[in-house]
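Below is one structure, written out as structure tokens; the observations come after it.
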Amino acid sequence: MAASRVRTALTGSLLFAAALWAVYLLTILIKPIVFPLLGILPRQLEGLDGVVFAPLLHAGPSHLLGNTLPLIVFSFLTLLEGVRRFVSVLAISWLCSGVGVWLFGSGLTVGVSGVVFGLFAYLIVRGFYNRNLAQILLSGVLFLIYGSILWGIFPTSWGVSWQAHLFGAAGGVLAAVVLRREAPTQRRALP
């Protein structure tokens, strides 16, 4: 059972990253056409479909490469909880990031980094909502390794959508709250 879950998590996370690379390679020559059509254009109706499509697009190989390793790691760890939970966390992070950029962004935005921040935030806070010591310890390890990415929620670099990072992370926290495991209720003995 555990080996099967690990195999599924590894396969799923690698396929997700491979799909992003495939999309990048397919769109490399038509970027000037595709980005304005499928990227997020803040507060413009024609940019609203970018909420769905923008995370699939990347500005260049370094942009996608910077997202690939953390995406694989965070997807793998989330997939260990099951495909349904992963899809839920992914959808909540994806939508929160995209809608946040559409409402508050400052320019054409593409990339999966908002989703990466969402998965990271989910993994960091879920143990506290689940009251699970193993998940809390894992969040500590993840924070030691990847915690510096949280600087990305601040407007520190021109051309980097801190809004996608901030709202993606908020989506990850929201996912942890919505998907928290309920503590078993204690039954009282009848007198």
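The values are calculated or read from the model by the stated rules, or taken from the named source; none is laboratory data. Keep in mind the model is a prediction, meaning the values are calculated, not measured. Please note: Cβ atoms are built from the backbone with ideal geometry, for glycine as well, and neighbour counts cover all protein chains shown. Just so you know, the surface numbers come from the protein's heavy atoms only, side chains and all, with ligands and any DNA or RNA stripped out. Shrake-Rupley method; radii C 1.70, N 1.55, O 1.52, S 1.80 Å.
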Of (1) farther than 30 Å from residue 49 by Cβ; (2) open to solvent by less than 90 Å² (accessible area, probe 1.4 Å), residue 129 satisfies all except one. Which?
-> (2)
From the list 107, 47, which residue is closer than 23 Å to residue 155 by Cβ, surrounded by fewer than 17 Cβ atoms within 10 Å (Cβ to Cβ), of a type outside the set (Lys, Arg) and modelled with pLDDT under 95?
-> 107
State whether the residues of region 140-151 include one that is farther than 22 Å from residue 38 by Cα, open to solvent by less than 20 Å² (accessible area, probe 1.4 Å) and among the aliphatic types (A, V, I, L, M).
-> yes
Does residue 167 qualify as being in a helix (DSSP H, G or I), under 13 Å from the mean Cα position of the chain (by Cα) and farther than 18 Å from residue 81 by Cα?
-> yes
Among the residues of region 125-164, which ones are more than 18 Å from the chain's Cα centre (by Cα) and not in a helix (DSSP H, G or I)?
-> 131, 132, 155, 156, 157, 158, 159
Within region 55-67, track down each residue that is assigned to a helix (DSSP H, G or I), free of Cβ contacts under 8 Å to residues at least 60 places away in the same chain and open to solvent by less than 20 Å² (accessible area, probe 1.4 Å).
-> 64, 67
Take the residues of region 2-44 that are closer than 20 Å to residue 164 by Cα and not in a helix (DSSP H, G or I): which is most open to solvent (accessible area, probe 1.4 Å)?
-> 43
Taking interchain pairs and intrachain pairs at least six residues apart, which have beta carbon atoms under 9 angstrom, with the first residue in region 72-87 and without any contact (Cβ under 8 Å) to a residue 24 or more places away in the chain and the second open to solvent by 20 Å² or more (accessible area, probe 1.4 Å) and not in a helix (DSSP H, G or I)?
-> 81/179
Could you pull out the residue among 157, 93 that is open to solvent by 20 Å² or more (accessible area, probe 1.4 Å) and within 23 Å of residue 68 (Cβ to Cβ)?
-> 157
Which one is modelled with the highest pLDDT, of the residues in region 160-189 that are of a type in the set (Gly, Ala, Ser) and surrounded by fewer than 11 Cβ atoms within 10 Å (Cβ to Cβ)?
-> 183
Examine region 82-94 for a residue that is closer than 29 Å to residue 36 by Cβ, in a helix (DSSP H, G or I), under 11 Å from the mean Cα position of the chain (by Cα) and of a type in the set (Phe, Trp, Tyr), and state whether such a residue exists.
-> yes
